[in-house]
Each structure stands twice: as C-alpha cells, then as structure tokens.
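S.K.: Got a structure for you, written out below as structure tokens; questions coming shortly.
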Amino acid sequence: MSQPTKGFSRRAFLRGSGVAAAASSVTSTQSASAAIVPVPIIAGETQVSLTVNGQKKTVTVEPRTTLLDTLRYQLNLTGAKPVSSDGSSGASTVLVDGKPVMASTTLTVAVSGKSISTCEGLKDGDIPKAFVSNDAQQCGFCTPGFVVAVKAFLNQHPDATEEQIRAGLNGNICRCGTYANVLQAVIALVKGNQNG
Amino acid sequence: MKNFEYAQPRTEQEAVALLADQSKHSVVLAGGTDLISLMKRSVITPDRVVNIAEISGLQRIQRDEHGSIWVGAAVSLQSFLESSYTTELAAAQQIIQGIASLQLQAQGTVVGELLRRPMCWYFRSGHGLLAQQGRMVVEGDNRYHAILGNRRSAKFVNPSRLAPALIAAGAFVRIIKPGNDERFLELESLYQTPDQDGQTENVLTQGELVTHVMIPAQRDRLSAAYEIRHGEGPDQPLVSAAVGIQAERGIVREATVVLGQVAPIPWMAVEAARNLVGQPLNEQTATTAGIEAVAGALPLSGNEYKIQLTQVAVKRAVLRAAGLECGGLECQPPLEQDHHSGPLMV
C-alpha cells in the first residue's frame, strides 16, 4: 500500500475532477446529501431510448439484453450477426456515437440515449456498392460487420495505405477467406473509384 | 446470461457506494469486451453490474504538474492512442497499435485491458483459475500456459498486453473504496499469483475500484515492447517483453524488463534488468538479457517453445528501445534480387 513517491500530484489532478467537486459539495453544505438524486438500480425490465439509424426508438429490455439482441429481435435489424459470443468475429460491429463496437458484447442499457448506426443505415452509401463491384463477399455472413468496420476505418483513415487497411480490419473474420476482395473494395473507396 | 442489477453512476463516490454492498457480488463494467463474454459463458455470474463508462471524471486523460499522465478508467485504448501523450510512451503505443482491431481499440479501455481476466481455457470453461490445483493444466493442453512463476497451483498467464509496457514506464494505479479511502499501488503490485480457490489474479478486494493509471513523465527514458504473435490478427501474443531504459552516453544507468504471457503475473525480469546496468546497448547485451530473463523458467509439457520466444522478445525489445533494430517482419533485410537465379533457374 504505497503512496506514489515521486512525480505524482494529487492536487493538480483533483483540480477539475469529479472527486474534488463531490468532496467540496459535501463539506460546504451539510444537507447536500438530501439533494443528491440516488443512482437508479435497474433490475428486471426497463425502457431504453436509442437513436437507431437516425430514428428514435424505445425498447423494453432487461439489463442482460445485448445491443445485438435488441437490434435483431426487437428492431428487426438483422444485419449485425451473432457469430461469436465474445465479439472476436467482428460480425456484430455497429457504430455507437460513431465508434465501432461489438453489439454482441455491449449491453443495451449501457447505450441508452446514444446514436447507433448499423449496416442497414449505410445501405445507400458507397461502401456496399464498392463491396458489390469488387465481389467482396462470398457467403455474406461477415459482410455487414465488415461494411460497418470499413465505415469506421475510413472515417479515421480516409487516405489509408494497403498495410493500414489490412491492420485496421483485423477485428473482422471471414470464414470464406474473401479478404483479398474486401481489401480491393477498400482500396477502391480510398481511391474514390468504387468500380475498382 | 444470468440476469443482474445494473447501475450507471455519475461519480466515483456513487460507483464505490454501489460496489460496496458485501451481500452482492458486484462487478465493474467499462468497455465490456471481456466481461460480457465471461458473463455469457457463466464464468462470472454477478448480482450487480456497475457501469463506470459514463463517469465524466474517468473519461479524461490529464497531465499533472509533475508531467505525470493520469488515464481515467473510462478512457478507451483508441482515445489514449490518439492523444498526444502516447508519443512519449513508445512501448505502450506499440502495444495498442498491435491490438489491431478497431473494435477492441474503440470499445476497450486502458484500465480494462490491465484487468482482463486470464485467457486460460480451463478458467474460461469454468474450472476456476487454478483448475484443480493446476492438475488440469499439467496433464492437459498447456501450450499457452506459464513457464515462469508456475511452480505452485497457478499455471495461467496474465493476459494483459499493456501491463508490461506500463510497468516498464513506472506506472501506478489509483484505487478507491467507500469512505473516501484511496490507495496507490505500483502497477506491478496490482497483480498476484493466486494460491487458493477464491483468490484472483489481482489484489483488489470487493468494493474497490481502479480509477486511474498514472504514468510518470518519461523524459529521455527509452522504451519499447516486442510481442511475438501467431499472425497479425487480434489473437493473444504467445510471449511479449517490454523494457524501459535510462541510458547516458550509450551506457545503461537503469533498466526495467517486464515479460508478458509467460507467468500468472506480468513478470519482472529483475536479474536481466540489473545486469544491463553499466553495459552498452548492443546485440550482445540484448541477447544476454534475453537469456537471463528466462533463466528460472520451468516449462510444462507443451510450452517449452516459449523459452526461446521470450529470449527473442527481450532481445528485440532492448534493441528496439535503443533504436538499433526492430526485428521481425518490419525490418527484414532487402531481398537479394538474384537469390533464385543461378544454376537452379537455368
């Protein structure tokens, strides 16, 4: 149980952090605790509001309901796929506030109020067209996850090199092994030429 | 997945208050990349899940007046990587870049990565960390298990990829519990080797929350990490090494060598580090450090290969820190153009 001996400053850190704010509010007014709204503990079913592909939705879920199950079984958006329960396949990739996350390892209650984009929301964009033009799918089961991952990747790296594309899409697995064509599709998108 | 209570606190105090109830098995959720899959497999069956991702104080990376970097427990690997702070943390930067899955980087957190549960397949199949006091590992498939620190029951390896790099940088963690109790631990002291069922691979007790990892200013300290992996996918590395080195006119003044994926804790290769002191950084001293790092290794039936790999990882990490070589695929010598010409091609 050692205190940091060198090079750390709690004072500087605490300034502006939640710790200092909470501590001062408690000490400044004795009745502060009465004004604090307790954190709701959710047990059993609850209503959660989300924005999915630009539309406001309200769903009834249990704490254990994953975002993937909510999308597929309540909102009828079956693009994101249940391939791996631990998210290692990347097939359930969706964007939450623009960030690529695995819907299979995300709780619906944890994304309350956030904005979700699924591959269905990208259907009119360039990415599906580039996948079709470059024949970047075989059985197609991994494709929705790939499409969303490519969207997230290109948002961050619009001028990616081939090496960066390979590394960036490492989180998505294709059992058919159609990686070469996915790579071509993304290269075409980077070049702004979706017909390859 | 067994159902559970869920709460989303707004402050650290609310979080520890929610975690404090001793009658409930409570767990902390941040990114969820590891926890949710463990819950789906019923390896962990908590009564309460406390999501700390929305605590604004934990979403920040800050630098204090000493130049130390405080990374909050809700900071994603991606945010950390993209912050200007990692430019001085070469080893940590290399590791996060190596966790080359957009999803894991965006969803996973820095502190969550440090506290991932072991990947040992006996543990993940519900046999507990010790898997019948180590018997299942010894008699079964142990190709990814420990070669160091494995003489007692625990044979799993600590899964954190980032821990060796941050330990080599001298990182601390801040831990809080109810009653404004806070404690600071050197990152290496966060981990332990369990000896009895019920113990875990870290020293956290029920109700404690790691709020930050703090990394002191590195100034001109050199660092590097080297992971040996099957391929470029998101799989666990087979072994890894991270080094932090303070050198003066080419001579090592102080060194830390930490091994990953070889022991139930991030393994401090103390002897290897001590013997680097006073030496120049070159291929020979790097090779020696690698050999010394695994001097006490005791391989199981299926993981002797890890000894050689660990030697190589240490050597390459040292050389990479010194800017001498990176090794592996990234800097192969140029192919000899006429390699296949000559008599065979005629």
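S.K.: Could you give me the residue pairs with C-beta distances under 7 Å whose first residue belongs to segment B:161-184 and is within 13 Å of chain A (Cβ to nearest Cβ), whose second residue is crowded, with 24+ Cβ neighbours inside 10 Å and among the aromatic types (Phe, Trp, Tyr) wherever it lies, and which are 6+ apart or on separate chains?
M.R.: Listed pairs, sorted by first residue: B:Phe184/B:Phe172.
S.K.: From A:Ala80, A:Ala110, grab the single residue that is assigned to a loop (DSSP other than H, G, I, E, B), under 20 Å from B:Ile36 (Cβ atoms) and among the aliphatic types (A, V, I, L, M).
M.R.: Result: A:Ala80 is the single residue among A:Ala80, A:Ala110 that is assigned to a loop (DSSP other than H, G, I, E, B), under 20 Å from B:Ile36 (Cβ atoms) and among the aliphatic types (A, V, I, L, M).
S.K.: Given the options A:Phe153, A:Phe131, name the one that is aromatic (Phe, Trp, Tyr), at the interface with chain B (Cβ under 10 Å from one of its Cβ atoms) and in a helix (DSSP H, G or I).
M.R.: That would be A:Phe153, the only listed residue that is aromatic (Phe, Trp, Tyr), at the interface with chain B (Cβ under 10 Å from one of its Cβ atoms) and in a helix (DSSP H, G or I).
S.K.: Then there's this: For the subset of segment B:200-248 comprising residues that are free of Cβ contacts under 8 Å to residues at least 24 places away in the same chain and either hydrophobic (A, V, I, L, M, F, W, C) or in a strand (DSSP E or B) (or both), which member is surrounded by the fewest Cβ atoms within 10 Å (Cβ to Cβ)?
M.R.: B:Glu248
S.K.: So, one more: Within segment B:272-281, does at least one residue satisfy the condition of being among the small types (Gly, Ala, Ser), within 21 Å of the chain's Cα centre (by Cα), more than 21 Å from B:Leu166 (Cβ to Cβ) and in a loop (DSSP other than H, G, I, E, B)?
M.R.: no
S.K.: Taking into account only those residues within segment A:58-77 that are assigned to a strand (DSSP E or B) and free of Cβ contacts under 8 Å to residues at least 24 places away in the same chain, which is farthest from the other protein chains (Cβ to nearest Cβ)?
M.R.: Ranking the qualifying residues of segment A:58-77, first place goes to A:Thr58.
S.K.: Right, here's the next one. Every residue in segment A:25-50 that is of a type in the set (Ser, Thr, Tyr) and at pLDDT 90 or above, please.
M.R.: Once the filter is applied, which keeps residues that are of a type in the set (Ser, Thr, Tyr) and at pLDDT 90 or above, segment A:25-50 yields A:Thr46, A:Ser49.
S.K.: Looking at B:Ala106, B:Ala100, B:Ala74, can you tell me which residue is surrounded by 24 or more Cβ atoms within 10 Å (Cβ to Cβ) and within 14 Å of another protein chain (Cβ to nearest Cβ)?
M.R.: B:Ala106
S.K.: Select from segment B:1-47 the residues that are in contact with a Lys or Arg (Cβ under 7 Å, 6 or more places away or on another chain), at the interface with chain A (Cβ under 9 Å from one of its Cβ atoms) and under 21 Å from B:Trp121 (Cβ atoms) and list them in ascending order.
M.R.: The answer is B:Met1, B:Asp34, B:Leu38, B:Arg41.
The values are calculated or read from the model by the stated rules, or taken from the named source; none is laboratory data. Bear in mind the structure is a predicted one, so any value in this text is a computation, not a measurement. Because the Cβ atoms are built from the backbone with ideal geometry, glycine has one as well, and the counts that use them run over all protein chains shown.
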